[in-house]
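In what follows, a structure is listed as structure tokens, so that the remarks can point back to it.
The values are calculated or read from the model by the stated rules, or taken from the named source; none is laboratory data. Owing to the predicted nature of the structure, the values given are computational and were not obtained by experimental measurement. Backbone-built Cβ (ideal geometry, glycine too); neighbour counts: all protein chains shown.
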Amino acid sequence: MKLKLFAVFALLLASVFPAMAATSVASIKGTYSFQVIGVTQQYGYWSTTGAWVNVSNGKCPAKTNCNNEAFAKITVGTTSFDGKGNAKFLSFKNYGPGNSGGPVMGTPYPYKVSGFFGTLTIPGPHGGTVSLSLGSFNSTNVATVLQFLIPDTQPSIGTAILQ
């Protein structure tokens, strides 16, 4: 009797709180459209044509006034998660000065999920580990919203929506 009562209680909890059951890699599955934004600091100057010139070595050219500037860095695209721990970027576009690098399209990158959090790892000189926060679960316990945090030297945040 106690076992039957526990089973009914567990089933009731799972139906009332479907997000509680979403604790596996399978809780991210499908194609997500994302946008990520951050701020990048650069040292440089504005040329006579109005273009920003980043002085990466820190040495300002003679007779030029260099200063630090803040620029928005924006990235948009789509990523496909297979529900088995592999993600592939289907599209990826950077906007903003100095916003370069990124994943190789179609290459599988590993991701892991534990509870409502996860990580997506992109190796390479412009890669890193992206922290994920999962939310808004559908009836099959797949997260329909992901929050991104890219904790590099100039952090970025963003949101992905299941398509």
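Among the residues in segment 132-144, are any surrounded by 15 or more Cβ atoms within 10 Å (Cβ to Cβ) and within 16 Å of Phe92 (Cβ to Cβ)? Checking segment 132-144: not a single residue is surrounded by 15 or more Cβ atoms within 10 Å (Cβ to Cβ) and within 16 Å of Phe92 (Cβ to Cβ). When Ala26 is tested against (1) surrounded by fewer than 14 Cβ atoms within 10 Å (Cβ to Cβ); (2) modelled with pLDDT under 90, just one condition goes unmet, and that condition is (1). Checked against the criterion of being surrounded by 15 or more Cβ atoms within 10 Å (Cβ to Cβ), among the aromatic types (Phe, Trp, Tyr), modelled with pLDDT of 90 or more and over 17 Å from the mean Cα position of the chain (by Cα), segment 33-43 has at least one qualifying residue.
Inspect segment 106-127 for any residue being closer than 19 Å to Thr40 by Cα, exposed (fewer than 13 other Cβ atoms within 10 Å of the Cβ) and of a type in the set (Ser, Thr, Tyr) and give the result as yes or no. Outline the logic, then answer.
Kept after step one, since they are closer than 19 Å to Thr40 by Cα, are these residues of segment 106-127: 125-127.
Still in the running and exposed (fewer than 13 other Cβ atoms within 10 Å of the Cβ): 125-126.
Add one more test, that the residue is of a type in the set (Ser, Thr, Tyr), and what stays is none.
Checked against the condition, which is being closer than 19 Å to Thr40 by Cα, exposed (fewer than 13 other Cβ atoms within 10 Å of the Cβ) and of a type in the set (Ser, Thr, Tyr), segment 106-127 yields no hits at all.
Taken over segment 85-95, the criterion of being crowded, with 16+ Cβ neighbours inside 10 Å and of a type in the set (Gly, Ala, Ser) is satisfied by Gly85, Ala87.
Just to be sure, is Tyr95 out of contact with any Pro (no Cβ under 6 Å at 6 or more places or on another chain) and touching a residue at least 24 places away in the same chain (Cβ under 8 Å)? Can you show your working first?
On the way: out of contact with any Pro (no Cβ under 6 Å at 6 or more places or on another chain): yes; touching a residue at least 24 places away in the same chain (Cβ under 8 Å): no.
Considered against the rule, which asks whether it is out of contact with any Pro (no Cβ under 6 Å at 6 or more places or on another chain) and touching a residue at least 24 places away in the same chain (Cβ under 8 Å), Tyr95 comes out as no.
Inspect segment 34-45 for any residue being in contact with a strand residue (DSSP E or B) (Cβ under 8 Å, 6 or more places away or on another chain), more than 19 Å from Pro151 (Cα to Cα) and of a type outside the set (Gly, Ala, Ser) and give the result as yes or no.
At the first step, the residues of segment 34-45 found to be in contact with a strand residue (DSSP E or B) (Cβ under 8 Å, 6 or more places away or on another chain) are 34-45.
Still in the list and also more than 19 Å from Pro151 (Cα to Cα): 43-45.
When the remaining residues are screened for being of a type outside the set (Gly, Ala, Ser), the result is 43, 45.
Checking segment 34-45: at least one residue is in contact with a strand residue (DSSP E or B) (Cβ under 8 Å, 6 or more places away or on another chain), more than 19 Å from Pro151 (Cα to Cα) and of a type outside the set (Gly, Ala, Ser).
Hey, does segment 74-84 have a residue that's surrounded by fewer than 12 Cβ atoms within 10 Å (Cβ to Cβ), part of a strand (DSSP E or B) and in contact (Cβ under 8 Å) with a residue 24 or more places away in the chain? No, because not a single residue in segment 74-84 is surrounded by fewer than 12 Cβ atoms within 10 Å (Cβ to Cβ), part of a strand (DSSP E or B) and in contact (Cβ under 8 Å) with a residue 24 or more places away in the chain.
Taking segment 55-73 as the range and being more than 25 Å from the chain's Cα centre (by Cα) and surrounded by 14 or more Cβ atoms within 10 Å (Cβ to Cβ) as the test, the residues that pass are Val55, Cys60, Cys66.
Tell me which residues, restricted to segment 48-73, are touching a strand residue (DSSP E or B) at 6+ places or on another chain (Cβ under 9 Å), outside any strand (DSSP E or B) and at pLDDT 90 or above. Of everything in segment 48-73, those that are touching a strand residue (DSSP E or B) at 6+ places or on another chain (Cβ under 9 Å), outside any strand (DSSP E or B) and at pLDDT 90 or above turn out to be Val55, Cys60, Pro61, Thr64, Asn65, Cys66. If you go through segment 123-155 and keep only what is under 13 Å from the mean Cα position of the chain (by Cα) and modelled with pLDDT of 90 or more, you end up with Thr129, Val130, Ser131, Leu132, Ser133, Leu134, Val145, Leu146, Gln147, Phe148, Leu149.
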